[in-house]
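In what follows, a single structure is set out as structure tokens and then discussed.
The values are calculated or read from the model by the stated rules, or taken from the named source; none is laboratory data. Quantities reported herein were computed from a predicted structural model and do not represent experimental measurements. Ideal geometry is used to build each Cβ from the backbone, glycine not excepted, and the neighbour counts take in all protein chains shown.
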Amino acid sequence: MSSNVRRPSFAVAPTAVLSAALLSVTAPAALAQQAKDGELPPVEVQQPAGAAKPKPQKATAPPAPAPAAEPIADSVAAADVSNVNSGDAADPKNPYAIVPPGTRSGSLTVPTAAEARADIDRTPGAVEVVPAEEYKDSTPAVTLKDALDYVPGVFIQTKWGEDSRLSIRGSGLSRNFHGRGVFLLMDGVIPITTADGSSDFQEIDPTAYNYIEVFKGANALRFGANSLGGAINFVMPTGYDSDLFGARIDTGSFGFIKSSVSSGAVSGNTDYFITGTWQQADGFRDHSEGESFRGSGNVGFKLTEDFETRFYVNANQIRQNIPGAVTRAEALSNPSGAFVRPGLGPTGNGNDNVDRDFERNLDTVRVANRTSWRVQDGTVVEFGGFYLDRHLDHPISIYIDQDVKNYGGFGRVVDDNMYGGFRNRFVGGVAVQNGETRALTFTNVLGNKGALTSDADQISDNTVVYAENSFFVVPDVALIAGIQYNFADRRLEDRFLSNGDESRQADYEFWNPKTGILWDVTSAIQVFGNISKSSEAPTFNEIPPPGRPVPVLVPQEAWTYEIGTRGNLPGLRWDLALYRSDIENEFQCNTVADGSAIGTCDQINLNKTLHQGVEFGIAARVFSGIFEPGTHGDEVWLNAAYTFNDFRFVDDPEYGNNQLPGAPRHYLRAELLYKHPSGVYAGPNVEWVPDAYFVDSRNTLETDAYALLGAKLGFDNGGTWTAYIEGRNLTDEVYIASASVTTQAAINSPLFEPGTGRAVYGGIQYRW
């Protein structure tokens, strides 16, 4: 571990739990009581208090279709599920079981993966549920890419350490640092994204979650997300669906080692889950060492069979060095090197990432509460609140020092009942997220704070009110209409007045309607379509600090047209969506005149742009009974996710119909895996970007096409022990993993992040 990694003391934030009062939206419950004879009560599988929890069952083959009387289809993410073994399809702990919407087999506040699928499948658009079994038992599960690489439409490329570049349907392509355009949260109530819309991916530990929900575009209406890309919700286990004890250790190339422990149980009307992870890595590149400690937990109290409250805590301490982006030539000739400013020596001059000790260090504590009240069969009220305390220590070209405080809450009602002989499902609620950041910048003097250069309070207030109604004109066809109101306030209060008071404020207000149709063709096949509007207000990273010109930015707005289908048949699962988004005022990087060589830019609003594409995921059993015939014999599965992106300017006066920079047109992730009934699995995989993509709006400089070959071997029979070994980039190909964007790149523009060379990882896990 490099001595450059700073280790400040871990500051514990004040503990606070906030709750938000639910709006007076319970009228549907009263009406439902009057129509009780026509109700559709959810199926409830209640685990006796204090009973021993069954071991979560895993399935490789899709479960049998549900009875035709309840036409609910199972949405399937196109991810690697072929390393898990067959289980009881009727067991709600099986992530591929088909259950009616609203089913709760244990916790009222947190559905199991199968129950989450049933609920999310009421969305007339592209959504995914990714169970942890699909990535956690067969990869080191370090980055967001490890967890979501088989979800079509989601483009994630690693940069250094656990930092990534994330885009859904082209969202946030102009953001060259941190994240924007996708709302990240935990357990449906705890934002990872701060109040202004920015995110740090290092705070995400994929091994801590039971499943991940992905909502693409305006399909994230239920979270009130202020983003064009949608939302990703990371859901922890509870005591009802966790192991009593779990431990794992992973190790691999470039000094990587990771260990984690967890525990969960039920005692009477109380349950708990807790997990902790320590991780260290030297990194593939110079000056990319990192170390982290992460912990999460929750405890639930079921006060009655119809009322449960749950408390959450999440804490992170992250120390990460930054090697920096380099030129295209350097990325392909010396991929392990850190950035050195052209024309200057590698050390001692204070002009490169090593000498100025570029780092990103985070200390974070989050606390939250979520409460669920089942008012009656088919009607549930939810409310809760959260508090965040975070400190960012971030020496880069300047030295950034930020203290962040965020707080807020939500209230929601879900009513699914019969009215006048017709089924109707209503979802409505309100979400509030406010925050204040004390933002200081200093000159960077060889990794230390020099003179103060700016001091400001960044204040963000956000309120979202939304409602969505699904009316079933016939039992298997629902017409859906929704509306979302957003109010966002951004205020900067300048405390550094030596150059004048540069305080500023902007308010943003917008309405986002949505309409769609959902057809349950059979109990295992769905067809959907929707037309929706989405909007996104700027973050403080789109509004420069004092001393820089202030662009006049208006919110991004998009109208999206989407059709698709998903299905779950024996031996075949798929997800297919086609979409077109007409965008106005898209945020885009505009190169600063004095910083073109290094990609420095301010944000501007573009005129019209187009984002359209195809997202296709499939999991298919291509062979069975090769050496072991029979119902539970051996199998070969093909798992693949393909994304086609067409992102471009539309008759722009400066850029014409150029491609938007930052994303490939084609992206394929595929795997062929052999599974033996003993639990042994093995097979090759590929990551393929067949065409280079542009890094500048003028389309003058490209990345490089690449294909990465990998393979894995492991054992997982659903029992106490699992183990794996995985090889990545086995041909040791030199490639560009990620790139920043700019207006016009030069041949020496340091915009490129080299990919990791050949690497091998292995791990073993014990669970009881």
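Those residues that are buried (at least 20 other Cβ atoms within 10 Å of the Cβ) and of a type in the set (S, T, N, Q), I need them from segment 358-416; list them, please.
Those that are buried (at least 20 other Cβ atoms within 10 Å of the Cβ) and of a type in the set (S, T, N, Q): Asn361, Thr364, Asn369, Thr371, Ser372, Thr379, Asn406.
Search segment 458-475 for residues that are within 13 Å of Asn424 (Cα to Cα) and pair each with any residue that is of a type outside the set (Val, Ile, Thr) and not in a strand (DSSP E or B) when their beta-carbon atoms are under 7 Å apart and the residues are at least 6 apart or on different chains.
Glu468/Leu221; Ser470/Arg122; Pro475/Pro71
Among the residues of segment 366-383, is any more than 16 Å from Phe201 (Cα to Cα), touching a strand residue (DSSP E or B) at 6+ places or on another chain (Cβ under 9 Å), of a type in the set (Lys, Arg) and in a strand (DSSP E or B)?
yes
Return yes or no: is Phe311 surrounded by 17 or more Cβ atoms within 10 Å (Cβ to Cβ) and not aliphatic (A, V, I, L, M)?
Judged against the criteria, Phe311 is a match.
Only one of Phe540, Phe471, Phe496 is assigned to a strand (DSSP E or B) and either over 22 Å from Gly172 (Cα atoms) or of a type in the set (A, V, I, L, M, F, W, C) (or both). Can you tell me which?
Phe471
Identify, please: which residue in segment 186-219 is in contact with a Ser or Thr (Cβ under 7 Å, 6 or more places away or on another chain) and aliphatic (A, V, I, L, M) and is, among those, nearest to Arg370 (Cα to Cα)?
Ile192
Just one of Leu668, Leu673 is modelled with pLDDT of 95 or more, in contact with a Phe, Trp or Tyr (Cβ under 7 Å, 6 or more places away or on another chain), within 19 Å of Arg165 (Cα to Cα) and outside any helix (DSSP H, G or I); which is it?
Leu668
Working only within segment 693-718, note down all residues that are within 30 Å of Pro140 (Cβ to Cβ) and of a type in the set (Asp, Glu).
Passing the criteria: Asp704, Asp716.
Which of the residues spanning segment 661-688 are in contact with a Lys or Arg (Cβ under 9 Å, 6 or more places away or on another chain) and hydrophobic (A, V, I, L, M, F, W, C)?
Leu673, Ala682, Val686, Trp688
So, of the residues in segment 458-487 that are surrounded by fewer than 15 Cβ atoms within 10 Å (Cβ to Cβ) and under 29 Å from the mean Cα position of the chain (by Cα), which turns out to be farthest from Trp511 (Cα to Cα)?
Residue satisfying both the conditions and the ranking: Leu479.
Among what's in segment 626-655 and is part of a loop (DSSP other than H, G, I, E, B) and hydroxyl-bearing (Ser, Thr, Tyr), pick the residue that is nearest to Ala577 (Cα to Cα).
Filtering segment 626-655 for residues that are part of a loop (DSSP other than H, G, I, E, B) and hydroxyl-bearing (Ser, Thr, Tyr), the one nearest to Ala577 (Cα to Cα) comes out as Tyr655.
Can you give me the number of residues within segment 112-130 that are assigned to a helix (DSSP H, G or I) and of a type in the set (Asp, Glu)?
Residues meeting the conditions: 2.
With Glu687, Glu615 as the choices, which residue is closer than 20 Å to Leu228 by Cα, in a strand (DSSP E or B), among the acidic types (Asp, Glu) and at pLDDT 95 or above?
Testing whether each residue is closer than 20 Å to Leu228 by Cα, in a strand (DSSP E or B), among the acidic types (Asp, Glu) and at pLDDT 95 or above leaves just Glu615.
Checking Thr731 against (1) surrounded by fewer than 16 Cβ atoms within 10 Å (Cβ to Cβ); (2) within 28 Å of the chain's Cα centre (by Cα); (3) outside any strand (DSSP E or B): exactly one of these is not met. Which one?
(2)
Tell me yes or no: at least one residue of segment 209-217 is modelled with pLDDT under 90 and under 25 Å from Gln157 (Cβ atoms).
yes
Does segment 700-710 contain any residue that is touching a helix residue (DSSP H, G or I) at 6+ places or on another chain (Cβ under 8 Å), part of a loop (DSSP other than H, G, I, E, B) and surrounded by fewer than 22 Cβ atoms within 10 Å (Cβ to Cβ)?
Scanning segment 700-710, I find at least one residue that is touching a helix residue (DSSP H, G or I) at 6+ places or on another chain (Cβ under 8 Å), part of a loop (DSSP other than H, G, I, E, B) and surrounded by fewer than 22 Cβ atoms within 10 Å (Cβ to Cβ), so the answer is yes.
Quick one: in segment 481-502, of everything that is among the small types (Gly, Ala, Ser) and touching a residue at least 40 places away in the same chain (Cβ under 8 Å), which residue is nearest to Leu221 (Cα to Cα)?
So, considering only residues that are among the small types (Gly, Ala, Ser) and touching a residue at least 40 places away in the same chain (Cβ under 8 Å), the one nearest to Leu221 (Cα to Cα) is Gly482.
Write out, first by first residue and then by second, each pair whose Cβ atoms fall under 9 Å of each other, whose residues are 6+ apart or on separate chains, and whose first residue, in segment 537-553, is under 19 Å from Asn486 (Cα atoms) and of a type in the set (A, V, I, L, M, F, W, C) while the second is assigned to a loop (DSSP other than H, G, I, E, B) and at pLDDT below 85.
Ala537/Asn226; Ala537/Leu553; Leu553/Glu542; Leu553/Ile543
Is there a residue being touching a Pro at 6+ places or on another chain (Cβ under 6 Å), hydrophobic (A, V, I, L, M, F, W, C) and over 28 Å from Leu452 (Cα atoms) anywhere in segment 357-371?
No, segment 357-371 contains no residue that is touching a Pro at 6+ places or on another chain (Cβ under 6 Å), hydrophobic (A, V, I, L, M, F, W, C) and over 28 Å from Leu452 (Cα atoms).
Would you check if there is a residue in segment 185-202 being in a loop (DSSP other than H, G, I, E, B) and free of Cβ contacts under 8 Å to residues at least 60 places away in the same chain?
Yes, segment 185-202 has at least one match.
What residue, of Arg621, Arg669, Arg665, is under 26 Å from the mean Cα position of the chain (by Cα), among the basic types (Lys, Arg) and surrounded by 17 or more Cβ atoms within 10 Å (Cβ to Cβ)?
Arg669
Tell me which residues, restricted to segment 368-389, are within 13 Å of Ile190 (Cα to Cα) and either without any contact (Cβ under 8 Å) to a residue 40 or more places away in the chain or out of contact with any Gly (no Cβ under 9 Å at 6 or more places or on another chain) (or both).
Scanning segment 368-389 gives a single hit, Asp389.
Search segment 505-517 for residues that are closer than 22 Å to Asn424 by Cβ and pair each with any residue that is acidic (Asp, Glu) and part of a strand (DSSP E or B) when their beta-carbon atoms are under 8 Å apart and the residues are at least 6 apart or on different chains.
From residues that are closer than 22 Å to Asn424 by Cβ, the pairs are Lys514/Glu468.
Those residues that are in contact with a Ser or Thr (Cβ under 8 Å, 6 or more places away or on another chain) and assigned to a helix (DSSP H, G or I), I need them from segment 133-160; list them, please.
Leu144, Lys145, Asp146
Quick check: anything in segment 690-704 in contact (Cβ under 8 Å) with a residue 60 or more places away in the chain and either closer than 30 Å to Glu133 by Cβ or β-branched (Val, Ile, Thr) (or both)?
So far as segment 690-704 goes, yes, one or more of its residues are in contact (Cβ under 8 Å) with a residue 60 or more places away in the chain and either closer than 30 Å to Glu133 by Cβ or β-branched (Val, Ile, Thr) (or both).
Select from segment 485-524 the residues that are of a type in the set (Ser, Thr, Tyr) and either farther than 30 Å from Asn568 by Cα or in contact with a helix residue (DSSP H, G or I) (Cβ under 6 Å, 6 or more places away or on another chain) (or both) and list them in ascending order.
Scanning segment 485-524 gives Tyr485, Ser498, Ser503, Tyr508.
Within segment 681-693, can one find any residue that is among the small types (Gly, Ala, Ser), buried (at least 18 other Cβ atoms within 10 Å of the Cβ) and more than 18 Å from Ser167 (Cβ to Cβ)?
yes
Answer yes or no: is there a residue in segment 676-684 that is closer than 26 Å to Ser738 by Cα and assigned to a strand (DSSP E or B).
Yes, there is a match, as at least one residue in segment 676-684 is closer than 26 Å to Ser738 by Cα and assigned to a strand (DSSP E or B).
Counting just the residues of segment 281-316 that are touching a Pro at 6+ places or on another chain (Cβ under 9 Å) and not hydroxyl-bearing (Ser, Thr, Tyr), which one comes out nearest to Val142 (Cα to Cα)?
Gly283
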